[in-house]
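**Student:** Input: one structure, supplied below.
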Amino acid sequence: MSFAAPTAFLLTAIVLPVIALYILKVRLRRVPVSTNLFWKQVFEEKPPRALWKNLRHLFSLLAQLLLLLLLVFAVADPMLSWQALQARRIVLVIDTSASMKADDVASSRFEAARKSAHAVLDGIRFRDEVAIVTAGERPEVVLGMASHLPTLRRTLDGIQPLDGIAKLDASIDLARQLIGDHPNGQVVVFTDGCAEGDEEGVTGELKDQEQAAITAALTRDSTPDDSTAQTATTSDTALRSAPGVNPSAASAADSRSSPVSDSISIQWHQFGLAAGNVGITQFQARRSLVDPIGYEVLLSVRNASDTAVNGRVELELDGIPADVLPFELQPGQLWTRSLEKTSLEGGLLAASLVQLQVRESSGPSTAAADTGDAPTAAVISDEHRSLINALAVDDKAWAIVPPRRIR
């Protein structure tokens, strides 16, 4: 048997004052009285305690000492020999893609993943080693193998989501390299399932595991819970070409485990609900080849939700309004406009999605229109915003209009 904190046994010195206080002799006060007739009788009934008489309640003293020693033993964190042989190497893979900013779960998907990662750190044992890898456009080892829990927590709290995609395949390969040939290696992935790759890749593996869980639940004649056994659908291509949040993130905290090799296993923690999104997918600006002071703007907006929406795009050049473009989008529809504007000085051109509304009429309608009467619509409330527009990072876009050089 070994101990994680052997210096804790220094706390056993506390038994000395406990014993001293237990056998401490009480000094009697001298007080003059008129007669000692009655006091002699009281003194005979309660004589001063001798040392050997103080130990007559030895069982009480031993119980106190035993409780104290058990507390010291717990602080020392004992570990059996078989536990030392099963020390683990754990790599936490944190998805930092833009879709992790979606707020369809409490706070955001990323904050839910961070909280779950802290829970994993709560369960690490003595001699376990943990590394942290971020899965963004380029996998990065944020912290190598370490066992200092405060350092691991500070590193985890310092990670923030980015605006790019997630390359989970490459991140998991990097995690395997960190584990090496360790007999008890484990990779723990925290993601929403929106990863770069085909449907048969990482997200496809999640689908197979989830379908197997549903089949097993049906075999036991039980109905799978909707929050943990919802069939996943992948939309990795949509993630790259449209702002839709991948509905394959079927549960708010779905944990799975799958063996990769004889010594390394992958545990998945998937976050997010089936959520929609409306966002700017393309925004470009360039100088006109014909007009000496003109510039051209290409703008695209996609509705990746299951509900028809109305809204408008506001264009500003260096903070000055340049144009307002209303749009009306059916589910899955792409809205594209090419504009021609004029400016000699150029500047920073900003596009913003504002006043998104849910269309109450469900009948077929034409494509997005710039003019005409708007259909009946309702403003999106805060509690339903995440179901229609879960990702706010793609509601704004910027482009540089270079100044025109006059010769």
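Every read-out reported here was derived from the displayed coordinates using simple, explicitly stated rules and does not represent laboratory data. Keep in mind that this is a model prediction, so the values were computed, not measured. Cβ atoms come from the backbone with ideal geometry, glycine included; neighbour counts cover every protein chain shown.
**Student:** Would you please give the FRET efficiency between Ser147 and Thr12, computed as 1/(1 + (r/R0)^6) with r the Cβ-Cβ distance and R0 = 30 Å, to the nearest 0.05?
**Tutor:** The value I calculate is 0.70.
**Student:** Could you give each residue of region 168-176 its phi-based ³J(HN,Hα) in whole Hz, using Karplus coefficients 6.51, -1.76, 1.60 with θ = phi - 60°, and x for Gly or Pro?
**Tutor:** With coefficients 6.51, -1.76 and 1.60, one gets 5, 4, 5, 5, 5, 4, 5, 5, 5 Hz.
**Student:** Going by C-beta contacts inside 10 Å, put Thr281, Thr134 in order with the fewest on the left.
**Tutor:** With the fewest neighbours first, Thr281, Thr134 line up as Thr281, Thr134.
**Student:** Right, here's the next one. Residues in region 161-194 near a label at Glu140, defined as backbone nitrogen under 17 Å from the 7 Å Cα→Cβ point?
**Tutor:** Answer for region 161-194: 161-168, 170-172, 174-175.
**Student:** Could you calculate the contour length gain from Leu121 to Gln284, that is, 0.36 nm times the residue separation minus the distance between their Cα atoms, to one decimal place in nm?
**Tutor:** Length gained between Leu121 and Gln284: 54.3 nm.
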